[in-house]
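Engineer: Before I ask anything, let me first share the structure, which is written out below as structure tokens.
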Amino acid sequence: MLTTQLKLVSGLLVLAAIALFAPAAANAQSLDTHLGNKTAEWVSLSGLFNNSGEVFFLRTLPNGKAESFEIPKGKVLVITDIHWQITAGNPGTVCRLSLNVENLQNPVAFTRRVYNSVLTLNTAGVSNSNEHFTAGLLVSWEARIKATTTIPTGALENLFLIGYLVDEA
């Protein structure tokens, strides 16, 4: 009788463990990274200037290639890191980078500044900024991120926006 009870209890413990840990294990198997999301959802954007002096962004792919980037329909871009660097300017020059979220349907009426950074160039005419956001900056698929700068011509060495995509709530 005692053996039957022990088998029953151990069987129930095994079932409880499976019920408790199986969903977490199944979920963990569907994730590609230590951050809890798939690598396809990661976004690394490089800011470049077009012929009219506006900044546009290319997405850097894991294979080293780059492609134009639009936030996919139904997604939100969470920007977690911004890096920018000036490498050619006069010492003491004040440089500014502003990021705005611009509504695609009505950019004139619905543009909001979400980031502003100011650098003063050192004695070599160089400076940089690396910022990490705990909560992140959010940009919906119905908007775009627009960068504006006040810097010496040709002085922007790097502008990187790093983040990831999530489903829109």
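Engineer: Identify, by number, the condition in (1) of a type outside the set (F, W, Y); (2) without any contact (Cβ under 8 Å) to a residue 60 or more places away in the chain; (3) in a loop (DSSP other than H, G, I, E, B) that G154 doesn't meet.
Structural biologist: (2)
Engineer: The conditions are (1) in contact with a Phe, Trp or Tyr (Cβ under 7 Å, 6 or more places away or on another chain); (2) surrounded by 14 or more Cβ atoms within 10 Å (Cβ to Cβ); (3) without any contact (Cβ under 8 Å) to a residue 60 or more places away in the chain, and A66 fails exactly one of them. Which is it?
Structural biologist: Status for A66: all satisfied but (1).
Engineer: Restrict the check to the range 147-154 and report whether at least one residue is on the phi < 0 side of the Ramachandran plot and at pLDDT 95 or above.
Structural biologist: Checked against the condition, which is being on the phi < 0 side of the Ramachandran plot and at pLDDT 95 or above, the range 147-154 yields no hits at all.
Engineer: Could you grab me the full set of residues in the range 117-169 that are aliphatic (A, V, I, L, M), in contact with a helix residue (DSSP H, G or I) (Cβ under 8 Å, 6 or more places away or on another chain) and surrounded by 16 or more Cβ atoms within 10 Å (Cβ to Cβ)?
Structural biologist: If we filter the range 117-169 for residues that are aliphatic (A, V, I, L, M), which is where we start, we get 118-119, 121, 124, 126, 135, 137-139, 143, 145, 147, 151, 155-156, 159, 161-162, 165-166, 169.
If we keep only those that are in contact with a helix residue (DSSP H, G or I) (Cβ under 8 Å, 6 or more places away or on another chain) as well, we get 165-166.
Listed by number, the list holds a single entry, L165.
Per-residue answers, yes or no, for (1) under 22 Å from the mean Cα position of the chain (by Cα); (2) among the small types (G, A, S):
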| position | (1), (2) |
| --- | --- |
| E131 | yes, no |
| L137 | yes, no |
| S140 | yes, yes |
| T150 | no, no |
| G163 | yes, yes |
| A169 | yes, yes |
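Engineer: Restricting attention to the range 115-129, and to residues there that are within 23 Å of the chain's Cα centre (by Cα) and touching a residue at least 24 places away in the same chain (Cβ under 8 Å), which single residue is nearest to V76 (Cα to Cα)?
Structural biologist: Going through the qualifying residues, I end up with Y115.
Engineer: Condition first: among the aliphatic types (A, V, I, L, M) and not in a strand (DSSP E or B). Now tell me which residues in the range 85-140 satisfy that.
Structural biologist: Narrowing the range 85-140 to residues among the aliphatic types (A, V, I, L, M): 86, 88, 94, 97, 99, 101, 104, 108-109, 114, 118-119, 121, 124, 126, 135, 137-139.
Scanning the range 85-140 gives A88, L104, V108, A109, L121, A124, V126.
Engineer: Looking only at residues in the range 46-99 that are of a type in the set (S, T, N, Q) and under 21 Å from the mean Cα position of the chain (by Cα), which one is farthest from G136 (Cα to Cα)? It would help to see each step written out before you state the result.
Structural biologist: Of all residues in the range 46-99, those of a type in the set (S, T, N, Q) come to 46, 50-52, 60, 63, 68, 80, 85, 87, 90, 93, 98.
Keeping just the survivors that are under 21 Å from the mean Cα position of the chain (by Cα) gives 46, 60, 63, 68, 80, 85, 98.
On the way: S46: 18, T60: 20, N63: 26, S68: 22, T80: 5, Q85: 20, S98: 15 Å.
Ranking the candidates gives N63 first.
Engineer: Here's something else I'd like to know. Looking at R96 and the list (1) more than 25 Å from I151 (Cβ to Cβ); (2) of a type in the set (K, R); (3) surrounded by 10 or more Cβ atoms within 10 Å (Cβ to Cβ), which single condition is not satisfied?
Structural biologist: That leaves (1) as the condition not met.
Engineer: Given the criteria over 16 Å from the mean Cα position of the chain (by Cα), at pLDDT below 90 and at negative phi, does E102 qualify? Break it down stepwise before answering.
Structural biologist: Working: over 16 Å from the mean Cα position of the chain (by Cα): yes; at pLDDT below 90: no; at negative phi: yes.
Here the answer is no, as E102 does not meet what is asked.
Engineer: Shifting gears a bit: Among the residues of the range 45-84, count how many are under 22 Å from A155 (Cβ atoms) and either at pLDDT below 90 or of a type outside the set (A, V, I, L, M, F, W, C) (or both).
Structural biologist: 14
The values are calculated or read from the model by the stated rules, or taken from the named source; none is laboratory data. Owing to the predicted nature of the structure, the values given are computational and were not obtained by experimental measurement. Neighbour counts run over all protein chains shown; Cβ positions are idealised from the backbone, glycine included.
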